Amino acid sequence: MAAHPHGCTCFIIPPKMLRKLAEQTTDQQERHCLLDTAEASAHLRGQRSVAPIRLGITAATGEKRRTVYDAQNKSTLPGKLVRGEDSKPSADKAVNQAYDGAGATYDFYREILQRNSIDNKGLRIDSTVHYQSKFNNAFWNGQQMVYGDGDGKLFLGFTGAVDVIAHELTHGVTQYAVPGGLVYEDQSGALNESISDVFGSIVKQWTLKQSVEQADWLIGAGIMAPSVGKALRSMADPGNQQLTWSGDDQPKNMAGYVENGDVHTNSGIPNHAFYAAAIALKGNSWDKAGPIWYKSLSLLTANATFADMAKATAQAAALLYGADSAEQHAVQAAWKVVGVA
Amino acid sequence: MRLILKCTGGFAGPAGAQTRTVDLTQLPADQASQLQQLLHASDFFALPPKLVKQAPKSWDFQYDLEVDDGGQNHCVRYHLDEASPSLKALTEKLNDEVDPD
């Protein structure tokens, strides 16, 4: 490796600049060294939050760029750098799963929806695994992915299911694609959740090359302990605890809508509308139903309701396939199935 | 004094909600003292019951912290962005140092 003019332990260089240098170098080992230094430097400067760290590494490139960190069971993000784009697989399964899942999601958005990463400007996809101790969750924090290991009793981990990864990364897509984002409460919050389930499921189906008839339409299959359940949610039959788990309280239509309910509860209604549309449109979910839902995102507003989503998807179907087309009728019929006019 | 912190949000939502319970009398003296100082600095018993964002984002976890010191009991629901630095530090410390129930 050629010696870098700034060396790798020179903390006088601001972390932001170190990261820019890391982005510019073509030497992978040097890039890692610079990123490690930037991380250590940032830590020494007391920059615990993610926001300042991310500033220098979000340049658009149009290339797939994934980075995985290890929080080593603490809350500090992003943690220790453990894998970058094109570097060798780690001995840590969770690291590789986070890396591969981010790649599958990136590829889906790029190849099927012609979207350049989360922000459509080539945002680098960063992920942190082993967050906190026994953390029963995964989340997109506005800038990066974060995965817990699960407590081993209820959840076994979150990196093993590509739909979970695509679900969370899609929160990032929604953040950028819906003007102003979707407020995470009430119906707009349930729509935010549902859109993530929709694209989480499509990415899984696309990865497995499954048609709408072959797909299981489950969200989070395999992440729960078998004694607890098979999956977290079902888009084909929301609330069917035989398919999911004993705590599944999702309604599948407006008759079961829960006033002031959790966004993860009422999302069952728009989830089932997407399922009904995809089944009616036949073939693969990413051929027609997915692009219609994707196109509708830019037609929504921050406080959109289920009725607004029904209108937006019908409008998107008309834009893609023509007004009064079979596709538009299928979408309108799907929303009627769940009781949204 | 007993602290109960519940955290809800993320992919799992209520299914993944986790609660951490800690009795300060059961902790080493210095750790208990640090938590008590943060609690005092946040003026916890004077906080309103809700410190939540007007337009939360998908990454805003909802925290419910209940504190019982024998004489008084108080519960506050909050998003981290609305919490004071000391309440935020207290939350991070509980998350890092106390295992979920």
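The values are calculated or read from the model by the stated rules, or taken from the named source; none is laboratory data. Bear in mind that the values here come from a model prediction, so they are computed numbers and not experimental data. Note that we place each Cβ from the backbone using ideal geometry, even for glycine, and neighbour counts take in every protein chain shown.
Looking only at residues in segment A:115-155 that are of a type in the set (A, V, I, L, M, F, W, C) and over 21 Å from residue A:232 (Cα atoms), which one is surrounded by the fewest Cβ atoms within 10 Å (Cβ to Cβ)?
Across segment A:115-155, the extreme among qualifying residues is A:123.
Among residues belonging to segment A:110-151 that are in contact (Cβ under 8 Å) with a residue 60 or more places away in the chain and of a type in the set (A, V, I, L, M, F, W, C), point out the one that is nearest to the other protein chains (Cβ to nearest Cβ).
A:146
Residues that are within 11 Å of chain B (Cβ to nearest Cβ), among the acidic types (Asp, Glu) and crowded, with 24+ Cβ neighbours inside 10 Å: does segment A:156-173 have at least one?
yes
Filter segment B:35-79 for residues that are assigned to a helix (DSSP H, G or I) and surrounded by fewer than 16 Cβ atoms within 10 Å (Cβ to Cβ) and give the result.
Result: B:37, B:40, B:41, B:45, B:46.
Residues that are within 24 Å of residue A:221 (Cβ to Cβ) and touching a His at 6+ places or on another chain (Cβ under 9 Å): find the strands (runs of 3 or more DSSP E) completely inside segment A:51-169 holding 2 or more of those.
Counting at least 2 such residues, we get A:138-140.
Each row is one residue, and each column tells you yes or no for (1) over 26 Å from residue B:55 (Cβ atoms); (2) among the β-branched types (Val, Ile, Thr); (3) in contact with a Phe, Trp or Tyr (Cβ under 7 Å, 6 or more places away or on another chain).
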residue: A:153; (1), (2), (3): yes, no, no
residue: A:156; (1), (2), (3): yes, no, no
residue: A:164; (1), (2), (3): no, yes, yes
residue: A:170; (1), (2), (3): no, yes, yes
residue: A:174; (1), (2), (3): no, yes, no
residue: A:188; (1), (2), (3): no, no, no
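Being over 18 Å from residue A:163 (Cα atoms) and either at the interface with chain B (Cβ under 9 Å from one of its Cβ atoms) or at pLDDT 95 or above (or both) narrows it down to one residue among A:214, A:210, A:242; which is it?
Sole residue among the options that is over 18 Å from residue A:163 (Cα atoms) and either at the interface with chain B (Cβ under 9 Å from one of its Cβ atoms) or at pLDDT 95 or above (or both): A:242.
Evaluate the following for residue B:3: is it out of contact with any Phe, Trp or Tyr (no Cβ under 9 Å at 6 or more places or on another chain) and part of a helix (DSSP H, G or I)?
Against the criterion (out of contact with any Phe, Trp or Tyr (no Cβ under 9 Å at 6 or more places or on another chain) and part of a helix (DSSP H, G or I)), residue B:3 does not qualify.
Can you tell me which residue within segment B:1-55, out of those that are touching a strand residue (DSSP E or B) at 6+ places or on another chain (Cβ under 8 Å) and polar (S, T, N, Q), is farthest from the other protein chains (Cβ to nearest Cβ)?
B:21
Can you pull out the residues in segment A:269-303 that are within 14 Å of chain B (Cβ to nearest Cβ) and either more than 17 Å from residue A:182 (Cα to Cα) or β-branched (Val, Ile, Thr) (or both)?
A:301
Taking residue A:290 and the conditions (1) farther than 21 Å from residue A:136 by Cα; (2) surrounded by fewer than 24 Cβ atoms within 10 Å (Cβ to Cβ), which numbered condition does it fall short on, given that it satisfies the others?
Of the numbered conditions (1) farther than 21 Å from residue A:136 by Cα; (2) surrounded by fewer than 24 Cβ atoms within 10 Å (Cβ to Cβ), the odd one out for residue A:290 is (2).
Out of curiosity, is residue B:93 within 11 Å of chain A (Cβ to nearest Cβ), part of a loop (DSSP other than H, G, I, E, B) and in contact with a helix residue (DSSP H, G or I) (Cβ under 8 Å, 6 or more places away or on another chain)?
Against the criterion (within 11 Å of chain A (Cβ to nearest Cβ), part of a loop (DSSP other than H, G, I, E, B) and in contact with a helix residue (DSSP H, G or I) (Cβ under 8 Å, 6 or more places away or on another chain)), residue B:93 does not qualify.
Which residue pairs have Cβ atoms under 6 Å apart, sit 6 or more places apart or on different chains, and have a first residue in segment A:83-109 that is farther than 15 Å from residue A:149 by Cβ and a second that is among the aromatic types (Phe, Trp, Tyr)?
The qualifying pairs are A:83/A:99; A:108/A:206.
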